[in-house]
Structure formats: C-alpha cells, structure tokens
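Enquirer: Attaching a single structure in structure tokens format; questions to follow.
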Amino acid sequence: MKIQTTIKNLDNYKIYLQVEKSVHEFFEQNNYLKVDLPVLSPALIPESYLEIFETKFNYLGKKEKLYLTPSPEIFLKRLLVAGVGNCYYLGRAYRNSEPNSDWHNPEFTMLEFYKLGINYLEMAEEVLKLLQFISKKCHPRSSRGSSASFNHWEKFSVAQAFKKFAGIKEKELFKEKLFFNKAKEKGYNIEKTTYEDLFSQIMATEIEPNLGIRGCSTLLFDYPKQMASLAKLNEDGRTAQRCEFYINGLEIGGFCTELNDHNEQQKRFIFESEKRKKNKMIDHTIDKGFIKALKYGLPFCTGAGIGFERLVMIFANVKSIDKLKLINII
Amino acid sequence: MRVNAGNLKKGEFVTFQGEICQVQKADFYSPGKGSALMKARLKNLITAKNVEYAYKSNEQIEVLDVTSVDMQYIYKDQENLYFMDERTFNQSALPISLVGDISRFFKEGEKMFVYMYNDKPLTIRPPMSVRLKITEADDAAKGDTVSGAKKPVKVETGATVMVPIFVKVGETISINPETGEYTGRV
C-alpha cells in the first residue's frame, strides 16, 4: 500500500465537510447527544463475517492485545443501558480483510445513532428527515445526472423486491429448500453454500442494481430471520425488523429494532465466536461486559448505521470513496 | 486456470452463462451477513452488453487462457475494425460496437494488441495512450486568461478532444483513449 495525495479532490472534500457539519446540526437540533468514543478496545463483540485489526500495547515489559473497533455499537449500547438517551457517533471504524474498493476502505467513517422508544419503521421516518435536512444544505446529484430526491422512500419488503426484480416468490424466499432449488435453476452455484451466502449473492446480482435509481432512495424492510443480525423478529416469526436503504444501487445504511433479549444475545455470541474459530479468524477477547450490560436492560430502541463516505458520495456526485479524500492509502 | 473469484481482476476473460466475457470491473464486497462477494461487471463479447454478477469470493471460476497478439490496425468499414497479424498476414475483424468509443482514436497503420482465444479474436487491449495530430482548432480567444480553460479541437482521426487553449493546429498531442482526455503535447 502507498500514500497518495490528491489535492484535486479539494472541492469534493469541502462537500464532505459540509455534509458532516449538517449531520451534527441535525442531531443537535433533535436532541441527540454527540458521543466521542475510543477506537481501540481490549475486547470485541464476536462477529463471524467481520475480520478485525489486532494490535499490541506494550508497557513495562507487558503486552496487552487491543483491537480496532469495527463498529461503535460495543460502546453505544453500554451507554444506552447506562441511561445516556438518544445519542450518535460520527467517527472511524475499521474492518480487516476487505480490500479497498469504490465503496469501501478498511478504515472508514461510520455514522451510528440510536433513538429510544421507536421501532424500525419509525426510524425510517427519522432517517428520511436526516437525509432531507442534509439535502437542504447540500445538493445531491444522482449518478444519472438528475437530482436525487429524498421527499419520500420507495418502499419494498424484501419479499416484494425478490419477486419484482428476481422473480422469486415469497414461499421460495422463506423456505430454504425451495430457495436453493430456485437459485440453482437460475444458474447459481449452490454447492457448499449457506442460505445467507445465496441470499447476499442474489441480492447483489439481481436486486441491488435496481434500487435507488428511480429518482428517490429505496427502502427494503423485513429481512428473512436468517439475516436478522441484532434485529428483533416480527410476529410472523420468519422476518426481522430490519431495514436497509439504497441510492444508485448502493447500500448506504441500515437500521433495526434492537434485540434486547440478553439470553438470545448470549446464544448469538457463542454461535458467532465458534464460527470465528472454525473459520480461523483472529481469536480476539470477547466482551463479556457487553452481555452483562444487556442483562441489566437495554431500553426499547432502534439503532441506525450509515456508511458516511457512501452518503457523501451521493452529495458530491462521485462514484468512489477515494474521490472524497485528500489523502488516500491505496 | 481455475481461481477463487476473490482474485478476479479487471481485464481477465471468463465464461459466463456459456458466453465469453471480459471483466470490466471487479470489486470485493462484504454484505455484512453471508460470506464476501466479488461484484463483477462482465462485458459479453458477442452482444457487447454489460452484465453484473456477484460471485461468492471463495467460488472457483475458470479464467480463460487468452493470448495477446501484436497486430496492425488497417482499416474500418461501417461495422468492423480490421487488424492484420504482421507475421502471418492473417486478418481479424472486430465489431466497432464491441471495441467501443475508443476506436475513434485509432489511426490506420498503428500497432495494437488483439486478444485471441482458440485462434479467434475477442477484443483489443486498449493502448494506454495514443498520439494524434491536431487538424482543426480555433485560436484562443483574446483575453481568455482563465486558468485551466479548454477548447475543442479535431484530431487526424476525426475525433474531437478538449485541450488547453494554448495548443495549436499541427501539434501532436497524446490522449488517453479510454477517457478521451488530453494528457499532454508530444
């Protein structure tokens, strides 16, 4: 890797600053507390699909392992339990084993915020308000030259989107066996594949390119429970209260009604950390304090995460993250 | 050669749904749940259309063993560009629709690499830079002192290029044929 100075990106970088400023203004006006957080942590939440950066702190002949945080969730949820109330973080996050691409850098900027007392669909309105607020200050341009509007969401449930863009019926989406058969029929390689892998592959190939391209951003909601992450399940038992939104075919962010059942969380911790071991990923210290905090009680809330550079790409009308930066590590 | 899709690179050739395609773009993509993907844009070399496909990054795919042959661009007609292998004098035709916009910068007699697979031409390897003479240009407007100001000029192949206002008729310039941008005077 090398250091690249790109002063020609100055105009785009100024848009980055403008969007950053309006984000802070929005949250201040809406009574969210801005939280500065560490990026080095002695323990992490185990996640089997995210590799992390590990380092060592040396002092007085001792060595202690520290990890760069892949998301601020580990700290923000503790603060929510402690009673901080509505809060947000806009800062760095780190993910290893994912090379630079137009939409991702191993070191990136994350906007994560939590609002108490609302569910995922109410959060959709809050996110839209944020996008509208930024739009008033900056001028979004879509990749097709027309103005990208944030007046409303184009909404599809995941089942609707699979039917509309991939021709996969609802019963095929939710029954794993039928889903595999359908994928095979479509020409996907289903050997040594999980439902999650196949879902993501079809999503990226057939659905995502159709999202956020009709003049407004597209909101997908109600993901199959296999894709629940930390989201609460719906009463139908097969979908999770999770949303993601897309602009110009690119996922910009997502949010979910937070799972606050600590037993379920603990199960997930064990499952994920075993999967990490099996996949020979970095064996990091597990944050037991996080479960302890959840045991105490996470209030009913919804959390949202937005890839900040991806969001700014819309306002700067650029197709890759490196166009926003004055210094790139490539 | 079989490779992990995670190692797929721009410019390589693969068979997709039974037809030969060239990788236009390949980006590693981690959807957060489910294993990482390699999002590829593949150009079908028969239809010249692009298709997007996300491979699982650990999926094994066959990258075709394609050779590049040094050829001379000789002429074009309404539909095709014609190239000649200078050692064998064999001629190969490639549709203009496949080679795309960059062909407007090709000068007859220029040497170029053509990708061949099983003795059939697939497409060309675009040159990094082409040198062309300016045949038509307006003089810079007096008083136009804006730094970085540009004007359109016509080059010997008939294509139009934006150049700095100080560049004149008769000068040879270098152009990046893929972007159509002026890169300097020669």
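Each value in this text was obtained by applying a stated rule to the coordinates, not by laboratory testing. Because the structure is a prediction, the values reported are computed rather than measured. All Cβ positions, even for glycine, are placed from backbone atoms using ideal geometry, and neighbour counts span all protein chains on display.
Enquirer: Let me know the whole percent of all Cα-Cα pairs from region A:234-300 that are separated by more than 17 Å. Walk me through the intermediate numbers first.
Expert: On the way: 1354 of 2211 pairs.
Distances greater than 17 Å cover 61 percent of the Cα pairs.
Enquirer: Taking each residue in A:100-111, count the Cβ atoms of any other chain within 10 Å of its Cβ, then average. What number comes out?
Expert: Values: counts 2, 8, 4, 4, 4, 0, 0, 0, 0, 0, 0, 0.
That works out to 2 on average.
Enquirer: In whole Å, what are the extents of region A:204-330 along the principal axes defined by its C-alpha atoms, from largest to smallest?
Expert: 44, 40, 29
Enquirer: Within 10 Å of each Cβ in peptide B:21-33, how many partner chain Cβ atoms are there on average? Round it to a whole number, please. All intermediate terms of the calculation are to be shown ahead of the outcome.
Expert: On the way: counts 0, 0, 0, 0, 2, 1, 7, 7, 9, 10, 12, 11, 15.
Counting Cβ atoms of other protein chains within 10 Å of each residue's Cβ and averaging gives 6.
Enquirer: Which cross-chain or sequence-distant (5 or more) residues have an amide H under 5 Å from the amide H of A:S71, H modelled 1.01 Å from N in plane?
Expert: A:Y94
Enquirer: Using alpha-carbon pairs under 8 Å, 6+ residues apart, how would you state the relative contact order of region A:166-247 in percent?
Expert: On the way: 84 pairs, mean separation 19.2, N = 82.
RCO, region A:166-247: 23 percent.
Enquirer: For region A:209-224 and region A:33-78, what is the separation of their C-alpha centers, rounded to whole Å?
Expert: 33 Å
Enquirer: Also, I was wondering about something else. Cross-link candidates for B:K168: which aspartates and glutamates have Cα within less than 18 Å, leaving aside residues fewer than 8 places away along the same chain?
Expert: Partners found: B:E136, B:D138, B:D139, B:D144, B:E156, B:E181.
Enquirer: If I take the Cα coordinates of region B:2-62 and project them onto the principal axes, what are the three extents in Å, biggest first?
Expert: Extents along the principal axes: 35, 21, 18 Å.
Enquirer: Which whole-number percent gives the relative contact order of chain A, counting Cα pairs below 8 Å spaced six or more residues apart? Before the final figure, lay out the partial values.
Expert: Details: 597 pairs, mean separation 89.1, N = 330.
Relative CO of chain A lands at 27 percent.
Enquirer: Would you please put A:71-77, B:74-80 in order of how densely packed they are, using the mean number of other Cβ atoms within 10 angstrom per residue and starting with the highest? Walk me through the intermediate numbers first.
Expert: Details: A:71-77: 21.3, B:74-80: 11.6.
Those peptides, ordered most packed to least, come out A:71-77, B:74-80.
Enquirer: Taking Rh as the Kirkwood radius, which is the inverse of the mean 1/r over Cα pairs, what is the Rg/Rh value for region A:166-247?
Expert: On the way: Rg = 13.2 Å, Rh = 13.6 Å.
Taking Rh as the inverse mean 1/r over Cα pairs, Rg/Rh reads 0.97.
Enquirer: Then there is this: Describe numerically, in nm with one decimal, the distance between label points set 7 Å from Cα along Cα→Cβ at A:Q226 and at B:T160.
Expert: Rounded to a tenth, the inter-label distance reads 5.3 nm.
Enquirer: Over 25 Å between C-alpha atoms is what I'm after, so list which of A:K175/A:K267; A:K163/A:K267; B:K25/B:K49; A:K288/B:K33; A:K163/B:K39 land there. Intermediate values should be presented prior to the final figure.
Expert: Numbers: A:K175/A:K267 23 Å; A:K163/A:K267 33 Å; B:K25/B:K49 14 Å; A:K288/B:K33 23 Å; A:K163/B:K39 22 Å.
Where the Cα-Cα span goes over 25 Å, the pairs concerned are A:K163/A:K267.
Enquirer: Over all distinct alpha-carbon pairs, what is the Kirkwood Rh of region A:155-214 in angstrom? Walk me through the numbers before you get to the answer.
Expert: Working: mean 1/r = 0.0859 Å⁻¹.
Hydrodynamic radius (Kirkwood, Cα only) of region A:155-214 equals 11.6 Å.
Enquirer: If you plug each phi of region B:16-24 into the Karplus form 6.51 cos²θ - 1.76 cosθ + 1.60 with θ = phi - 60°, what whole-Hz ³J(HN,Hα) values come out, in order, with x for Gly and Pro?
Expert: 10, 6, x, 10, 6, 10, 10, 6, 8
Enquirer: So, one more: When Cβ neighbours within 10 Å are restricted to other protein chains, what is their mean count per residue of peptide A:196-202?
Expert: Details: counts 4, 10, 2, 3, 11, 10, 1.
Neighbouring Cβ atoms belonging to other protein chains average 6 per residue here.
Enquirer: Another question, then. Under Stokes-Einstein, with the Kirkwood radius over Cα pairs standing in for Rh, what whole-number D in µm²/s applies to region A:1-53 at 20 °C and 1.002 mPa s? Walk me through the intermediate numbers first.
Expert: Working: Rh = 15.2 Å.
Answer, rounded: 141 µm²/s.
Enquirer: If eta is 1.306 mPa s and T is 10 °C, what Stokes-Einstein diffusion coefficient results for the protein assembly as shown, Kirkwood Rh from Cα pairs, in µm²/s?
Expert: Values: Rh = 26.0 Å.
Taking Rh from Cα pairs, D becomes 61 µm²/s.
Enquirer: Right, here's the next one. With each pseudo-label sitting 7 Å past Cα toward Cβ, what's the A:D236-A:E122 distance in nm, one decimal?
Expert: 2.2 nm
Enquirer: Now a separate question. One quarter of the convex hull surface, Cα atoms only: what value does that give for region B:130-185 in nm²? Let's see the in-between values first.
Expert: Numbers: hull surface 14.0 nm².
Averaging across all directions leaves 3.5 nm² for the Cα convex hull.
Enquirer: Now, a different point. Pairs of alpha-carbon atoms within less than 8 angstrom and 6+ residues apart define the contacts here; what relative contact order does chain B have, in percent? Could you put the intermediate results ahead of the total?
Expert: Values: 400 pairs, mean separation 26.4, N = 186.
Computed over chain B, the figure is 14 percent.
Enquirer: If you average over every viewing direction, what projected area does the convex hull of the Cα atoms of chain B give, in nm²?
Expert: On the way: hull surface 55.5 nm².
Mean projected area of the Cα convex hull: 13.9 nm².
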